[in-house]
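A short write-up of the structure that comes next.
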Amino acid sequence: MTFAVAADAYDRYIGRYSRELAPRFLDFAGVQAGPVLDVGCGPGGLTAVMAQRFGAVKVAAVDLSESFVAACRTRVPGAYVRLASAEALPFADGTFEAALSQLVLTFVKEPDRMAAELRRVVRPGGVAAACTFQAEGFALVRTFWEAARRFDPNAPDDARLPFRRMPELVALWERAGLRDVTTGHIDLEERYADFDDLWAPFAFGIGPAGGYLVAQREERRAAIREAYRELLGAPTAPFSLPARVIAVRGRV
Amino acid sequence: MALAPELKEILACPRCKGDLEFREELREIRCHACRLVFRIEDDIPVMLLDEARPLGDRPPGRSGEGGGAP
């Protein structure tokens with residue numbers, strides 16, 4: 001499984017959901033002013049919205065992937081972007097009004113350390129917030145595993161990944177000592193021009209589903225593709241897929 | 001682009017969260033408390049503990065990635 005991919009490949013796969021998600025996640029977090037921090041910024045979907053609202057010089061962002069950091073810098077000129085780990089943030093205590101992390105938590109090695117770091121770098125009274133795709137609510141990936149399990153009952157499933165369900169998010173935020181922990185849903189709908197617009201990015205090997213697909217033999221890959229197309233009703237016109245995002249926020 | 005001054009002030013060591021010394025002419029950021037050097041690559045500070053090198057060591061050669069274990 002990898003996220004060490006070209007930023008445009010990621011954008012065609014998952015990043016496209018960020019356009020609709022980022023402003024709504026920022027609204028959910030209730031952030032009124034900078035400086036703000038984007039933890040696991042990817043190619044900068046959320047970073048860009050933060051910069052529009054608070055000014056780029058009030059925005060910092062970190063990611064573990066060099067290609068994402070480079071893409072984020074290009075996308076959000078003036079924002080301060082660097083290579084750093086979510087579990088060891090390179091900022092002094094209480095630096096930010098808010099620290100947000102969008103669609104990252106599932107893939108972090110030490111989520112409790114990450115939550116503690118978000119809390120640490122936010123000033124008292126500020127906000128720490130995170131969001132992830134809900135286990136059953138992300139049609140793009142859920143349908144992929146449905147198709148894959150027709151041929152391989154042991155195919156893994158993103159629904160089994162951590163932090164895909166609300167109680168886990170709440171428990172993590174409470175363990176980190178955040179106060180007034182609240183949750184919310186953000187329902188998205190992404191538009192696809194045709195089936196290949198949806199399918200092509202899976203072949204980039206991004207994330208658990210893409211990683212699984214590229215490890216299969218060619219016949220199996222073709223069979224999963226056909227099963228996926230069938231599950232969608234073999235669309236011949238542009239279509240939309242829903243995605244439910246779950247979000248948690250707390251006060252420092 | 002040089003490091004934005006307003007953000008230089010908020011940078012801290014990812015290990016001890018203490019102050020850093022900026023040596024932009026060397027493309028380095030140093031933590032004297034931890035005796036670590038973080039490199040600045042293409043203007044991007046690499047603030048990863050895994051990739052920091054001990055202060056006092058020579059920078060690894062371009063082919064020496066991961067080969068510097070004592």
Quick one: angle between helix A:66-75 and the longest Cα principal axis of chain A, in degrees between 0 and 90, rounded to 10, please. 70 degrees
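Roughly how crowded by other chains is peptide A:61-68, in terms of the mean Cβ count from those chains within 10 Å of each of its Cβ atoms? Kindly include the intermediate steps, with their values, before the conclusion.
Details: counts 0, 4, 0, 2, 0, 4, 0, 0.
The per-residue average across the peptide is 1.
Count charges around A:Leu178 for me, please; just the other residues with Cβ under 14 Å from its Cβ, Lys/Arg as +1, Asp/Glu as -1. Could you put the intermediate results ahead of the total?
Values: positive: A:Arg119, A:Arg120, A:Arg123, A:Arg175, A:Arg179, A:Arg249, A:Arg251; negative: A:Asp112, A:Glu117, A:Glu174, A:Asp180.
Once positives and negatives cancel, what remains is +3.
Averaged across A:50-59, how many Cβ atoms of other chains sit within 10 Å of each residue's Cβ atom? Working shown, then result.
Working: counts 0, 0, 0, 0, 0, 0, 1, 4, 2, 1.
The mean count of partner-chain Cβ atoms within 10 Å per residue comes to 1.
Counting only Cα atoms, I'd like the Rg/Rh figure for the range A:85-142, Kirkwood definition for Rh. Please list the in-between numbers first.
Details: Rg = 13.0 Å, Rh = 12.3 Å.
Over the Cα atoms of the range A:85-142, Rg/Rh equals 1.06.
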Backbone N under 17 Å from the A:Asp93 label point (7 Å along Cα→Cβ), restricted to the range B:15-45: B:15-20
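What is the dipole size for the protein assembly as shown, taken about its Cα centre, with +1 at each Lys and Arg Cβ and -1 at each Asp and Glu Cβ, in debye to the nearest 20? Don't skip to the answer; put the middle values down first.
Working: 42 positive and 45 negative charges, 104 e Å.
Roughly 500 debye for the protein assembly as shown.
When the accessible area of chain A is split by element with a 1.4 Å probe, what percent falls to carbon and sulfur? Before the final figure, lay out the partial values.
Working: 5010 of 10040 Å².
Carbon-and-sulfur percentage of accessible area, whole number: 50.
Would you mind calculating the relative contact order of chain A from Cα pairs under 8 angstrom and at least 6 residues apart, reporting the percent as a whole number?
Working: 511 pairs, mean separation 57.1, N = 252.
Normalised by residue count, the contact order of chain A is 23 percent.
Under the definition of partner shielding as Cβ atoms of other protein chains within 10 Å of a residue Cβ, what is the mean value for peptide B:46-53? Mind dumping the intermediate values first?
Working: counts 6, 9, 8, 5, 3, 1, 0, 0.
Across the residues of B:46-53, the mean count of other-chain Cβ atoms within 10 Å is 4.
How much mean residue ellipticity at 222 nm does chain A get from its helices, if each DSSP H run of length 4 or more adds -39500 (n - 2.57) and you divide by all residues, to the nearest 500 deg cm²/dmol? It would help to have the intermediate numbers written out before the result.
On the way: 10 runs with 97 residues, N = 252.
Only helices count here, giving -11000 deg cm²/dmol.
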With a 1.4 Å probe and ligands and nucleic acids left out, the total accessible area lost when A pairs with B, in Å² to the nearest 100, equals 1700 Å²
How tilted is helix A:139-149 with respect to the longest principal axis of chain A? Cα atoms for both, answer in degrees (0 to 90, nearest 10). 40 degrees
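Ignoring ligands, DNA and RNA, what accessible area per residue does chain A give at 1.4 Å, in Å²?
Working: 10040 Å² over 252 residues.
Per-residue accessible area for chain A comes out at 40 Å².
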When the expected Rg is taken as 2.2 N^0.38 Å, what fraction or multiple of it is the alpha-carbon Rg of the range A:192-233? 1.11
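Please find the FRET efficiency linking A:Ala159 to B:Glu25, where r is the Cβ-Cβ separation and R0 is fixed at 45 Å, and quote it to the nearest 0.05. Before the final figure, lay out each step's value.
On the way: r = 51 Å, r/R0 = 1.14.
Approximately 0.30, to the nearest 0.05.
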Helix axis angle, A:166-175 relative to chain A longest principal axis, alpha carbon, degrees: 30 degrees
Per DSSP, the loop-located chymotrypsin sites (Phe, Trp or Tyr not before Pro) within the range A:177-252 having at most 10 other beta carbons within 10 Å are none
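The values are calculated or read from the model by the stated rules, or taken from the named source; none is laboratory data. Remember, predicted model here, so these are calculated numbers, not experimental data. Please note: Cβ atoms are built from the backbone with ideal geometry, for glycine as well, and neighbour counts cover all protein chains shown. Accessible surface is based on the protein model in full, side chains and every heavy atom, while ligands, DNA and RNA are left aside. Shrake-Rupley method; radii C 1.70, N 1.55, O 1.52, S 1.80 Å.
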